[in-house]
Amino acid sequence: MRLALVRSGCAIGLMSLTCIACSKTHDRDVQSRPYVPTAAEQRRIDENRADQRLAEERREEDRRAEDRRIAADRRAEDRAKREARRDEPIAPNDHVVRAGPVSASESIADARCDREVKCNRVGIHGKYPSHGACVAELKHDIRSDLRNDVCAEGVRAKELNDCLQAIRVEQCGNALDLDAVIRIKACRAENLCVK
């Protein structure tokens, strides 16, 4: 019986050693290699990244262009408000707020040149080399149309604002030059001048 117990004890000991030995499969940890894309896959990845960067740059440029357009519209509105404040004094029986021909021609030229900038006609490849050159040329021409003998009593502020608005909403596809501005009904001297 002792022999049987010793044998059964050995058998239990051997089984536990076997169980311990079976639970450990490797002496070291297995490390997998990271995935390395092929050259063609890497080119596609790089092209996708480049396309994403270009799309982001385009969105940023569009946002900047929209910001510039909004700023130009605000400047034009501010100029029109300043012009309205600088109007000539109102005659005792005159209920029409007036602007002088000089300030009116400056406002029209400024609005027109803001539109030229918006339509990319100012700069190296544009009709005018700069915004200032555009204003100087147009102001002189418009002033001759609104000269003192035609607009001796001044320019109506409401009609001037209508003219400025008509210039602002004119589409860029139209070839709007000085003659076209005068042809805009709201910008004609007979509509602007106080009679």
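To keep it simple, each residue is scored yes or no on (1) at pLDDT 65 or above; (2) polar (S, T, N, Q); (3) surrounded by 10 or more Cβ atoms within 10 Å (Cβ to Cβ); (4) in contact with a helix residue (DSSP H, G or I) (Cβ under 8 Å, 6 or more places away or on another chain).
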residue: Leu5; (1), (2), (3), (4): no, no, no, no
residue: Met15; (1), (2), (3), (4): no, no, yes, no
residue: Thr25; (1), (2), (3), (4): no, yes, no, no
residue: Pro34; (1), (2), (3), (4): yes, no, no, no
residue: Pro37; (1), (2), (3), (4): yes, no, yes, yes
residue: Glu41; (1), (2), (3), (4): yes, no, yes, no
residue: Glu47; (1), (2), (3), (4): yes, no, yes, no
residue: Ala50; (1), (2), (3), (4): yes, no, yes, no
residue: Glu57; (1), (2), (3), (4): yes, no, yes, no
Those residues that are surrounded by 13 or more Cβ atoms within 10 Å (Cβ to Cβ), over 17 Å from Glu83 (Cβ atoms) and among the hydroxyl-bearing types (Ser, Thr, Tyr), I need them from region 104-152; list them, please.
Tyr128, Ser130
Failed criterion for Ala91 (all others in (1) modelled with pLDDT under 80; (2) part of a helix (DSSP H, G or I) hold)
(2)
Expected output for region 36-48 (first residue of a type in the set (A, V, I, L, M, F, W, C), partner surrounded by 10 or more Cβ atoms within 10 Å (Cβ to Cβ) and not in a helix (DSSP H, G or I), Cβ below 7 Å, 6+ apart or cross-chain) is Ile45/Pro37
May I ask you to list the residues in region 147-195 that are of a type in the set (Lys, Arg) and modelled with pLDDT under 80?
Arg147, Arg183, Lys185, Arg188, Lys195
I need the full set of residues from region 107-162 which are under 21 Å from Ala71 (Cα atoms) and of a type in the set (D, E, K, R), in order please.
Asp110, Arg112, Asp114, Arg115, Glu116, Lys118, Arg121, Asp162
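The values are calculated or read from the model by the stated rules, or taken from the named source; none is laboratory data. Just so you know, these numbers come straight off a predicted model, no measurement behind them. Counting neighbours? That spans all protein chains shown, and the Cβs are built from the backbone with ideal geometry, glycine included.
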